[in-house]
Each structure stands twice: as structure tokens, then as C-alpha cells.
Amino acid sequence: MHHMNNLAGIDLNLLTVLEALLAERHVSRAALRLNKSQPAVSHALARLRLLLDDPLLMRQGGSLKPTARALEIQPHLGEALDRMRHLLAPTGFDPSSERRTFRLAMSDYGAAVLLPHLVPLLRTETPRSDLLVSQAGREAMAAQILDGEIDLAFGVFPDLGERLTRDVLFEDRYVCLADTTVLPPGDRLDLASYLARPHALVALRADVENEIDRTLAVLGHRRRICLTLPHWGMAPRLIAGTDIVLTVARSILPPAIEAGGLRLFEPPFTLPAVPFTQIWHPRRQGDPAHQWLRQRITGFFRAV
């Protein structure tokens, strides 16, 4: 690579400017992000172009478009700068005095399982830190982790490949729920009766494959889904007084669910366990605050 002999002229500040420009694709937004003036950022870009012998970002409409060379550099640049930040950061994380914003993504199932433990702990142990919780589909959450937009995501992630680090917090199991008037106590639904009923599915998008229908397909069966909705917590209330069957993870349901006129029963076919998992970017592995949070979260479920 003929560019390497120019590296003597590159200081760390220039690289952080390049990182911000590639993220924002806009000089004034990059300047805001870096707390620098616009001319300083433009000057840094001019120096980078010279040193790397490439335009790096080309004006197109109202924004800047990265060149092929810039896109090639971008992922490695983020990784290298993250490593430097970790090396130069103060060692350890002092939760009682430091301020940190933790960005987590999860469904309302994840929120029900995790947040009642996490919020009181954060208020007690790291009162100056803030928590931002967002919700997205599985693929979107994985993409946000890869982009560095969020610190940790929680949920059931069947196939992530090798790019993300995962930790199974606990294994949940599927149960079925139906209205007692339609399914009197003592009655159980065999597979034929289960398939004859309409079903509710909890999914952010109806076209994303789920474990229940995948398992049925392997057995050569299909069920009719008459209701698809994105909220786990809402689903039991909606099937009360109807003939709909709901198959969901047990932990989302209140312990006394059967008091509300609903029957709980085992699915009439074998379903895989539901591994509730936290995922993060391998680059965050050594970040002391991130490590502290992950260990705290793991602690909730190990203690159960």
C-alpha cells in the first residue's frame, strides 16, 4: 500500500475528524459532534486528502459521499480508535460518581423480564447515569449493535453469525393460553384441536420467521394466525372471551394468569426452549462501564 509512508503526518485528531465525517457525511454536523469549528474540520479534511492521496468524501447534493477508499477505511478506523480510547481511558468504571448513558434495545417481553431489576439498581448504584431503552425487530437490533448505536440488545436471537458476542441469560419455555369458556378446566388441546383453532402471534413483523411456526412446518403442519401484534404484554387480554389460542414465553405472563378466566396448558408438540440473550459488539468487550453493566445484568439471572 503506497499510502503507508504518509502516516507519519497523521495524528490521532485527524483520524477522529475522519471518523466523524464518515459517520455524519456533513462538515457542520461533524464539527458539532467534535466540538470543533467548521473551518477546522474542513482544514483537517484537506490534510487527510493530501496525506491519503484520495478525495475521501465527495460533495453530492446536500451531503458528502464517501469514496471507495473511505468506505474501505471506515470499519477499521472505528475499531482502531475504539481500541485507543479504551487504552487511554481511565481504568475501571466508578458507578457512584461517573456519568454514562446506557443505550439498550429490547421488546416489551425483554422490558418486563429485565427492567424491574435494572432500573432500581441503576438508580442506587450509578445515580448519575442515564438509561435509554428502544425497541426494534431482531435484525434491526443486531444492525444497531454493529453500527454502535446501542450498547446491548436483549431478546431471542436465533442466528447472528460470528460478528456479535452473546450471553444467554436464562431459558424460558413456551406455554399456550386459551379462554376457559372455550377450553374448560381439565380439557387439553391435542395437536389436531390446536391446529383447528385460530392463533395469535406476537411479532414486530408478520413476515419474520418464528420458532413456533418453523417447528410446526418441520412436522408438516400449519396453523391459522388470525391476529399478529407487536406487544407481548397486551396479547393475553385480547384472547379473553374469544376462541383464539396464544402460544408465548411463560415469563411474560403474570403468575396468576388463570385467575382472569384464562387457561394455561402445555403445547401439544415439542417446542425449543426460548433463550433470553444479551448481545453486544466485540469492540465493547473491554469498555469498563459496559463490562460493569453486563455483569450486573448477568447477576440478576444467575441469582434466580
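Throughout, read-outs are computed from the coordinates displayed, never taken from laboratory work. Everything numeric here is computed off the predicted structure, so don't read it as measured data. Methodologically, a virtual Cβ is constructed for each residue, glycine included, from the backbone with ideal geometry; neighbour enumeration extends over all protein chains shown.
Against the 2.2 N^0.38 Å scaling, with N counting residues, where does the chain land? I'd like the Cα-based Rg ratio to two decimal places. Intermediate results must be reported in sequence, preceding the final value.
Details: Rg = 25.0 Å, N = 304, 2.2 N^0.38 = 19.3 Å.
Against the empirical 2.2 N^0.38 Å value, I get 1.29 for the chain.
Once you have a ≥ b ≥ c as the square roots of the Cα gyration tensor eigenvalues for region 37-136, tell me rounded if a/c is under 1.5, and otherwise prolate or oblate according to whether a/b is larger than b/c.
prolate
So what's the Cα pair-distance distribution over region 4-88, bin width 10 Å, in %?
17, 55, 26, 2
Cut-off is 10 Å between beta-carbons; in what order do Phe301, Phe154 appear when sorted fewest neighbours first?
On the way: Phe301 17, Phe154 23.
The fewest-first ordering by Cβ neighbours comes to Phe301, Phe154.
Restricting to the chain, compute how many DSSP beta bridges are antiparallel as a %, nearest 5.
Rounded to the nearest five, the antiparallel share is 60 percent.
Quick check: the angle from helix 38-52's long axis to the longest principal axis of the chain, C-alpha only, nearest 10 degrees?
Taking the Cα atoms of the chain, the angle to 38-52 is about 80 degrees.
Please list, in order along region 54-67, the HN-Hα scalar couplings obtained from phi with the Karplus expression 6.51 cos²θ - 1.76 cosθ + 1.60 (θ = phi - 60°), rounded to whole Hz, x for Gly and Pro.
3J(HN,Hα) across region 54-67, in whole Hz: 7, x, 6, 9, 10, 5, 8, x, x, 9, 9, 9, x, 7.
Could you derive backbone 3J(HN,Hα) for region 243-253 from the dihedral phi with the Karplus parameters 6.51, -1.76 and 1.60 (θ = phi - 60°), listing whole Hz in sequence and x where the residue is Gly or Pro?
In residue order, the calculated couplings are 8, 6, 9, 10, 10, 9, 5, 4, 5, 6, 8 Hz.
Return a whole-number percent for the relative contact order of the chain, with Cα pairs under 8 Å and 6 or more residues apart as the contact set. Please list the in-between numbers first.
Working: 413 pairs, mean separation 61.7, N = 304.
Reported relative contact order: 20 percent.
State to the nearest 20 debye the size of the charge dipole of the chain about its Cα centre, where the only charges are +1 on K and R beta carbons and -1 on D and E beta carbons.
620 debye
How do Cys176, Cys226 rank when sorted from fewest to most other Cβ atoms within 10 Å of their own Cβ?
Sorted ascending by nearby Cβ count, the order is Cys226, Cys176.
Compute the long axis of helix 108-125 from its Cα atoms, compare it with the longest principal axis of the Cα atoms of the chain, and write down the angle in degrees, 0 to 90, nearest 10.
For 108-125 against the chain, the angle is about 60 degrees.
Name the trypsin sites (Lys or Arg not before Pro) in region 133-174 that are in a loop by DSSP and that have at most 14 other C-beta atoms within 10 Å, would you?
Qualifying residues, ordered by number: Arg163, Arg173.
Once the other residues with Cβ under 14 Å from the Cβ of Thr242 are scored (Lys, Arg +1; Asp, Glu -1), what is the net sum?
Computed value for this residue: +2.
For Arg100, which sequence-distant residues (separation of 5 or more, or a different chain) have an amide H within less than 5 Å of its own amide H, given hydrogens modelled in the peptide plane?
Result for Arg100 returns Ser129, Asp130.
Between Val245 and residues 5 or more places away or on another chain, which pairs have amide H atoms under 5 Å apart, with H built 1.01 Å from N, and which residues are they?
Sorted by chain and number, the residues that satisfy this are His199, Ala200.
Would you kindly calculate the mean projected area, averaged across all directions, of the convex hull enclosing the Cα atoms of region 185-304, in square nanometres?
It is 10.0 nm².
Out of every Cα-Cα pair in region 101-173, what percent are more than 17 Å apart? Intermediate values should be presented prior to the final figure.
Details: 1201 of 2628 pairs.
The share of Cα pairs beyond 17 Å in region 101-173 comes to 46 percent.
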